[in-house]
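Rule-based calculations on the coordinates, nothing more; no lab input. Owing to the predicted nature of the structure, the values given are computational and were not obtained by experimental measurement. Here the Cβ positions follow ideal geometry from the backbone for every residue, glycine too, while neighbour counts run over all protein chains shown.
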Amino acid sequence: MLKLIFILYFVFSFGDAGQEPEGSMTNIIWEDQFTASEKEKLTIWLQRISSAVFETLGEYPFEVNLYLHRNENKNEPVPWAHTVRDDEEGVHFYVCADYSLGDFMNDWTAPHEISHLSIPYLGKKNLWFSEGYASYMQYRVMLQADVLTADEMTDRYISKLQNISPVYDSDERFLALSGQLRSQHNYPAVYWGGACLFMQADSMLKSERNMSLPEIIKQYQSRGRSTDDNLDDLIASLDEVSQSTIFSDLVNKFQNETAREAVLNTPVPEIIITTEKD
């Protein structure tokens, strides 16, 4: 029996950002049966989060497919999600539809997963980088969506840094320790260790270039996102966009220095709010 898939299209346009294309096309694909009220709630959730992602990181130069599956795990609104990065760019969400719209909005999964798509897939060996990036951006997106205040976002970053500091207080090379943590399934430490690179980049961009990391990523959508397919390409593009060596210097640091040197003393960036909403 053929399965019917219902697709809802919505387009975001946020004024003149000096970028192409003018809007990001996002498709919601219902992989399981949902009631009309559940569809309305989940659509509002994904519209609001997608809008906040595109306002934070720029309009993506491709369509984004968001797949909705039912999940009966009632412990959280989104027990599981994962991206697809082959012939399409998208995210599969496995959701417990019993939760309220507020519960979904306060969940970090959608901001995290949709943020992933703003940079290329970098392979499993660079998981520390890509997951660190999405972990850092998830709270920036939640700030844009008015889910978090600036103070609440800062408190979350501080808490994450405090949690991982003892783990990375080591003379082991950062990459080696990150690999060990991954093999031990300590994914929060892997993700937030990698996120330190982006906290440092954001702070350096502010002090050296009077810019923010989201500003760089916005420009990157039309200056490399469609052609880059590995970490070296991505870093070269980000250096070019920022007219600096901030990104290549930081990647070299995280790839070659000790965990202590790479992670400890990471500053929580002073957030620059530059996005104007219509």
Item checked: Ranked Glu72, Glu40, criterion: other C-beta atoms within 10 Å, fewest first -> Glu72, Glu40
Next item on the list: Would you calculate the separation in nanometres between label points at Asn163 and Lys253, each defined as 7 Å from the Cα along the Cα-to-beta-carbon direction?
Entry: 2.3 nm
Next item on the list: Apply the Karplus parameterisation 6.51 cos²θ - 1.76 cosθ + 1.60, with θ equal to phi minus 60°, to every residue of region 41-52 and state each ³J(HN,Hα) to the nearest whole Hz, in sequence, with x for glycine and proline.
Entry: 4, 5, 5, 4, 4, 5, 4, 5, 5, 4, 4, 5
Notebook entry, point to check: What is the P(r) of region 162-239, as percent of Cα-Cα pairs per 10 Å bin from 0?
Noted result: 16, 37, 33, 14
Check: Which cross-chain or sequence-distant (5 or more) residues have an amide H under 5 Å from the amide H of Val147, H modelled 1.01 Å from N in plane?
Finding: none
Margin query: What number does the chain give for Rg over Rh if you use C-alpha atoms and the Kirkwood radius?
Written below: 0.96
Check: Can you sort Thr266, Thr56 so the residue with the fewest Cβ neighbours within 10 Å comes first?
Finding: Thr266, Thr56
Next item on the list: With runs of 4+ DSSP H residues as the only contributors, calculate the mean residue ellipticity of the chain at 222 nm using -39,500 (n - 2.57) per run, divided by the residue total and rounded to the nearest 500.
Entry: -16000 deg cm²/dmol
Notebook entry, point to check: Label point 7 Å out from Glu72 along Cα-to-Cβ: which residues of region 96-121 have amide N under 15 Å?
Noted result: 96-98
Note to self: List the pairs from Lys39/Lys74; Lys160/Lys206; Lys74/Lys125 whose alpha-carbon separation is above 24 Å, in the order I gave them.
What the structure shows: Lys74/Lys125
Item checked: Shape metrics for region 38-92, restricted to C-alpha atoms - Rg then Dmax, Å -> 12.5, 35
Check: Sorted from fewest to most neighbouring beta carbons within 10 Å, what does the list His82, His185, His92 look like?
Finding: His185, His82, His92
Check: Tally Lys and Arg at +1 and Asp and Glu at -1 over the other residues with C-beta under 11 Å from the C-beta of Phe254: what net charge comes out?
Finding: -1
Next item on the list: Compute the signed sum of charges (Lys and Arg +1, Asp and Glu -1) over the other residues within less than 11 Å, Cβ to Cβ, of Tyr191.
Entry: +1
Margin query: If I model a spin label at His185 and Asn27 as a point 7 Å from the Cα along the Cα→Cβ vector, what separation in nanometres do I get?
Written below: 3.5 nm
Next item on the list: Taking H placed 1.01 Å from N in the peptide plane, check which residues at least 5 places from Thr258 or on another chain put their amide H under 5 Å from its amide H.
Entry: Phe174
Notebook entry, point to check: How large, in Å, is region 197-278 by the Kirkwood hydrodynamic radius built from its alpha-carbon pairs?
Noted result: 13.5 Å
Check: Mind listing the Cα extents of region 124-263 along all three principal axes, in Å, largest one first?
Finding: 38, 34, 26
Next item on the list: Provide the gained length on full extension for the span Leu264 to Gln243, in nm with one decimal, where the gain is 0.36 nm per separating residue minus the Cα-Cα distance.
Entry: 4.9 nm
Notebook entry, point to check: Under a 5 Å amide H to amide H cut-off, with H placed in plane at 1.01 Å, what residues pair with Glu89 once short-range neighbours are removed?
Noted result: Asn65
Note to self: Per residue of region 85-90, what does 6.51 cos²θ - 1.76 cosθ + 1.60 with θ = phi - 60° give for ³J(HN,Hα)? Whole Hz please, x for Gly and Pro, Karplus curve as stated.
What the structure shows: 9, 8, 7, 8, 10, x
